[in-house]
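Working notes, beginning with the structure itself.
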Amino acid sequence: MKPHFKLLQYSAISACFLALHNDVKGQAVYTDIDPDIILDSDNESAGVDMDNDGIFDFAFLNTSASFYTSSSFYLSYFEGLWGGPEIFGNEIAAKLKVISPSYGGFTVYWPYALLEGANINEDLSFQYWGFQRMAYRYIQTDGDYFPKGGFWYPEVFDRYLGVYFKDTADCYHYGWIRCDVTDEGRTLVIKDYAYETKCDTGIKAGDVIGDTTTVDITELNTLNANVYSFDNSIYIILSELIEDAEIHVYDLTGKNIYSSVLTTQSAQIELNEAKGVYFVEIVAEEKKFAKKIFVN
């Protein structure tokens, strides 16, 4: 069932492509949401357009409701954060569970809160249902009835939804959406997302470079170089002096934070940026080198 969310618009979305070169067989398309989408009030909703084609692929909702149960005279409250596909065929990596099967049962879906580096591919369980519970809780006025749960409950930071969606060319892509959940499951923050452009090819949670399952990064390097990091510096050593070798360093948003021309066989680049993962690219004539490194 397709969710009928009232989708909110969000602004200042910037998309960037991070590719090793045109001959790479896969690449990630990364989008930073600036400012972050924050759903902290009842009935707030938002959509995420994975491939930025103007059509929301997934929708999210913050909601609550009050009700009386047949077995109690007490008023109960339900509060929850939901996520779900907005287009038929799209899916979210989630656990399916049947509640009270002996009484006929009903099915619930709990999206996984994946750690950075987790594989998002066909090995995961994906669910197409439109209303999937990221975090939820029931509250009864007498205080006795308080079930709660979901993989995102009560608070998680920098975890990833695994998603699977179809583009306008009927190509299916794996991707991720990075989120926080705070306030005991009452606030959802959607921060950024990315997907692999190669059809039906997995991606790691948090990866912004792309497919290296069929083409390893080292196979793309035709320029012989040694690149490593120590403290807040990147060190580059070439096996031979190559005239007009260009060096570029990118952060995870795709922003070029450093560029220069190498005039010697070695160089030290001191970064004023925060520690984290960076992408170093060296291009000279028809040769190239690319490496993802971690800077302390």
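Length gained on full extension, residue 168 to residue 184: 2.0 nm, using 0.36 nm per residue less the C-alpha separation. Going from the fewest other Cβ atoms within 10 Å to the most, the residues 96, 188 appear in the order 96, 188.
As a footprinting exposure proxy, order 98, 29, 48 by other Cβ within 10 Å, with the fewest listed first.
98, 29, 48
For the pair residue 232 and residue 287, what calculated FRET efficiency results from E = 1/(1 + (r/R0)^6), where r is the Cβ-Cβ distance and R0 = 35 Å, to the nearest 0.05?
Working from the Cβ atoms, E equals 0.80.
Taking Lys and Arg as +1 and Asp and Glu as -1, the other residues whose beta-carbon sits under 15 Å from that of residue 181 total -2.
Can you put 176, 152, 129 in order, fewest other beta carbons within 10 Å first?
Listing 176, 152, 129 from fewest to most nearby Cβ atoms yields 129, 152, 176.
Taking a sphere under 9 Å around the Cβ of residue 149 and counting the other residues whose Cβ falls inside, with K and R at +1 and D and E at -1, yields a net charge of +3.
Values quoted throughout were computed directly from the atomic coordinates according to the rules given, and no laboratory measurement underlies them. As the structure is a computational prediction, the values presented were derived from the model and not from experiment. FYI the Cβ positions are ideal-geometry reconstructions off the backbone, even for glycines, and counts take in every protein chain you see.
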